[in-house]
Amino acid sequence: MRLTIRDFQKMKSARQKIVMMTAYDATSARVSEAAGIPALLVGDTLGMVVQGHTSTLPVKLEHILYHAEIVARVTQKPLVVADMPFLTYHLNPEQALANAGRLMQEAGVSAVKLEGGEPMAETIRRVTQAGIPVMAHIGLTPQSVHQFGGFRVQGRELDSARQLVRDAEAVQEAGAFAVVLELVPTKLSQLISERLHIPTIGIGAGVACDGQVQVFHDVLALFADFLPKHTKRYLNVGDMMRDALAQYREEVQAGAFPTEANSFTMPDEILETLKKELEL
Ligand code: KIV
């Protein structure tokens, strides 16, 4: 049985930390499920870590549909949440509902995530009232990176801290089942987590959040360009992959791979007959 948004709520009530990981393909989804990760996010970070862009802005709904379908199809237990890409929900609540509906119907995910606080409340209300669970995302919202002037911590000043509290309360009131807090000071995310009855999922928001989400490529060092402060590299898979591939190249160049163990045989008489036919 797949985890549901009710389980998320129960985990918050039981003070059990919620663990979420991004997944984009069959490998990242299967290995995360095998590790016991209960919730997967098909994030638009795929624009950076899979597609090689410098931001999430070029990601299209079709891209998320493609990757989310894979993640939902190859997993059994985790709750799968799909990100709504830039400009697929901003025009009006009807656009948001139509696109969120496609993510559920065509990709088979259980929930969608969209960025924005108070100004997105009406949209969140429309989508959740149609029966589509919404995870909100406030703080540093990467689709607005140009407006923020970079990937900066949010809520350090009184005005922006007040606004973040208002944003969190507005998305909860609108029906969001959880809210991602990105790049928010620990003390502020603690205050927000205590005020809300829905779970907060932090990324760069400290230990007081009800759960944490991390990017698959960051924790495994598969994305070497940049390591955000909020990430811990649990294993340097990127270096291990590079070394393994260099060894493969060297062995092929030296004629040391493939060996007989990696090769296939055929009966000698067939080869002899063939050679005769070819007059060799
Ligand atoms: O797109 C994504 O992966 C995200 C997480 C960083 C929260 O939104």
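Odds and ends about this structure:
- Largest accessible area first, the listed residues HIS90, HIS197 line up as HIS197, HIS90 when surface is computed with a 1.4 Å probe on the assembled protein chains.
- Accessible surface calculations at 1.4 Å, restricted to protein heavy atoms, place the range 5-235 at 45 Å² per residue.
- Solvent-accessible area of TYR89 with every protein chain in place, 1.4 Å probe, in Å² to the nearest 10: 0
- What the range 240-279 shows is 98 Å² of accessible area per residue, with the surface traced by a 1.4 Å probe over protein heavy atoms.
- Taking θ as phi - 60° and the Karplus parameters 6.51, -1.76 and 1.60, the scalar couplings of the range 97-108 work out to 5, 4, 6, 5, x, 5, 5, 6, 5, 8, 9, x Hz in sequence order, x denoting glycine and proline.
- Centre-to-centre separation between the Cα atoms of the range 38-115 and those of the range 149-169: 25 Å.
- Rounded tilt (10° steps) of 186-195 against the dominant C-alpha axis of the chain: 70
- FRET efficiency, 1/(1 + (r/R0)^6) with R0 22 Å, evaluated for ALA261 and MET241 via beta carbons: 0.45
- 3J(HN,Hα) along the range 251-257: 5, 5, 5, 8, x, 8, 9 Hz, from the Karplus curve 6.51 cos²θ - 1.76 cosθ + 1.60 with θ = phi - 60°, whole Hz, x for Gly and Pro.
- Helix-derived mean residue ellipticity, 222 nm - over the chain, DSSP H n ≥ 4, -39500 (n - 2.57), to 500: -12000 deg cm²/dmol
- Between 0 and 90°, nearest 10: helix 268-277 axis offset from the chain longest Cα axis: 70
- Folded to 0 to 90 degrees: helix 158-174 orientation relative to the chain principal axis, Cα: 80
- Candidate aspartates and glutamates - alpha carbon under 19 Å from LYS187, same-chain residues fewer than 8 apart omitted: GLU157, ASP159, ASP167, GLU169, ASP210
- Restriction of the trypsin sites (Lys or Arg not before Pro) in the range 160-267 to DSSP coil positions whose beta-carbon has at most 11 other beta-carbons within 10 angstrom yields LYS229, LYS232.
- Sulfur and carbon atoms: percent of accessible area, the chain [1.4 Å]: 56
- Among beta bridges that DSSP assigns inside the chain, antiparallel share in %, nearest 5: 5
- Cα coordinate range in the chain, projected on the principal axes (Å, largest first): 85, 38, 37
The values are calculated or read from the model by the stated rules, or taken from the named source; none is laboratory data. The model shown is predicted, which means the values in this text are computed figures rather than measured ones. Methodologically, a virtual Cβ is constructed for each residue, glycine included, from the backbone with ideal geometry; neighbour enumeration extends over all protein chains shown. With ligands, DNA and RNA removed, areas are computed over all heavy atoms of the protein, side chains included. Shrake-Rupley method; radii C 1.70, N 1.55, O 1.52, S 1.80 Å.
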